[in-house]
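The structure appears below as structure tokens.
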Amino acid sequence: MHVFLDVSRLLLCAMRPAPTGIDRVELAYARRWANHPETCTYVAGNAWGGLAAVPHAGIDRLGLALEEAWAAGPMASRALDRARAEALRLHAMLLTGAGRARLHQQARATQNGIYLLVSHQALENPRRIAFLRSLGLAFVPLVHDVIPITHPEYTRPSQVAKHARRIANTAALADGIIVNSAATAAALLDHLPRSGKHGRPLPPISVARLGLVQRPPVPQGGVPQGAPYFVALGSIEPRKNHTLLLNLWRDLAEAMGPAAPRLIIIGRRSFDSESIMAALDRSPPLAALVQEAGAVADSQVTALLTGARALLFPTFAEGFGLPLAEALALGTPAIVSDVAALREVGGAVPEYLNPLDGLGWREAVLHYAQPQSPRRDAQLARLRGWQPPDWHQHFAVVDALLDQLAAGRQPATRRLPWGAPVALPPLAQPPLGASLPLAPGAR
């Protein structure tokens, strides 16, 4: 068994100042196989739309530099420079024929190889996937969400059609599917034909909840002192419902003035957020109470979350909900939208509110802002029994799916050396509990 892991997105990460959740997932997968070049080939997209093998050592260096840059943020300019230099070297290698030849040679020499795509990168390109399957590789994508299809109003129009093609290619070409939550699995099943093209059966779907990156130690400075504050964590875009929070803080500014609690918004500005940006940039009442921190270092995220009265997460839709998992893992209470993916992550711990219930959010914020808050204390008590999601558990589910595919394509008695438990670099938190594969056709 040999895994062909697509790391195309990692080569682009170095060109961005801060990572997305999907960036972190692809890096976790690269680290998963970092010490096993004999059972994993890294591949990436080239300028002609195809794939080529890239050196294991180069991806390892790139991953380490990215981890350092993400941890320290703007203070890690040298690490980001190293990451960019390594990415440029790897891109240059993709322009030669050596990587393509190595990929073809390795694929033809491998029995029951698997092409693993965990980032949606070029999932809309069926020719690339079909070619690799023609070389004998099984295809397994990780589907993070179907939000552009289920909630097109929160997505660029071009992305709606693009994501529809991704899901269509998944239905037509995937031999197995990984999803990050049962909520994503249920939404995906609504868009997969019960009997695929030409009677093709539905591929097995496994729910593997995402693990957490271990945040750096909390720094001493940079945390607001005095007034209680709340944190909103995630890209600034309409789907995340920052508008509800800004309207709430306008009301608090009018009613309480400087005695009101503060709000810190962490995350980069994204598409179609003009009204949110205008409020942040030009509203005098908000200027005194709301701080836009932007895309900050992981260490600063840890510090701000640790000192917050609660995470506020009034999102309209999520595939998983990493901000909630990150807050709870740090012992910070959370007030979040009542959506299926967040209930799956948080269980009975957070307070769940309708994302349109402005009065309910106002009441919760004022209650949690108090030095003695019975509702907050009750959540802290519930939090003691919660376990964060874990990368080891995630990869145990992934390995089980790959074993299942291999067993159907080779004698079941053959042992897979890559399938043995592997000690990960320090990217994980304590285990959340085993994720269970979703049986084909299950609802």
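Some points to look at:
- From phi via Karplus (6.51, -1.76, 1.60), per-residue ³J(HN,Hα) for the stretch 367-379 in Hz, x at Gly/Pro: 5, 5, 6, 5, x, 10, 10, x, 5, 5, 4, 5, 5
- Förster-model FRET efficiency, 56 Å R0, residue 35 and residue 377, C-beta, rounded to 0.05: 0.80
- Entry for the stretch 229-383 at q = 0.09, 0.18 Å⁻¹: log10 I(q)/I(0) = -0.25, -1.10, Debye formula applied to identical alpha-carbon scatterers, no solvent contribution.
- Span from the the stretch 293-331 Cα centroid across to the the stretch 1-46 one, whole angstrom: 24 Å
- Database remark: amide H of residue 236 closer than 5 angstrom to the amide H of 268, 269, 270 (H placed geometrically; neighbours at sequence offset of 5 or more, or on other chains; Pro and chain starts carry no H).
- Sites residue 101 and residue 293 - FRET efficiency at Förster radius 45 Å, r taken between beta-carbons, to 0.05: 0.45
- Subtracting the Cα-Cα distance of residue 359 and residue 282 from their residue separation scaled by 0.36 nm leaves 25.3 nm.
- Site pair residue 57 and residue 387 shows an inter-label distance of 4.0 nm when each label is modelled 7 Å from Cα along Cα→Cβ.
- Nearest 10 degrees, 0 to 90: helix 391-407 Cα axis against the chain principal axis: 30 degrees
- Selected from 192, 177, 111, residue furthest toward positive end of dipole (the stretch 84-198; charges at beta carbon): 111
- Hydrodynamic radius of the chain per Kirkwood, over alpha carbon pairs, in Å: 22.9 Å
- Over 11 Å [Cα-Cα, the stretch 237-277], rounded percent: 67 percent
- Cα-based convex hull, the stretch 318-402, per residue volume (Å³, whole number): 95 Å³
- Charge tally in the Cβ shell below 15 Å around residue 48, where Lys, Arg are +1 and Asp, Glu are -1, residue 48 excluded: +3
- Charge tally in the Cβ shell below 15 Å around residue 224, where Lys, Arg are +1 and Asp, Glu are -1, residue 224 excluded: +1
- Extending 7 Å from the Cα toward the beta-carbon at both residue 227 and residue 200 defines two label points whose distance is 5.6 nm.
- Acute angle (nearest 10 degrees) that the helix 21-32 long axis makes with the longest principal axis of the chain, alpha-carbon atoms: 50 degrees
- For the stretch 1-106, the equivalent ellipsoid built from the Cα gyration tensor has semi-axes of 23, 15, 11 Å, listed from largest to smallest.
- Sorted from longest to shortest, the spans of the Cα atoms of the stretch 94-160 along the three principal axes equal 46, 27, 16 Å.
Bear in mind that the values in this text are calculations on the coordinates, not laboratory data. The structure presented is a predicted model; accordingly, all values stated were derived computationally and were not measured. In this analysis, Cβ positions are derived from the backbone assuming ideal geometry, glycine residues included, and neighbour counts consider all displayed protein chains.
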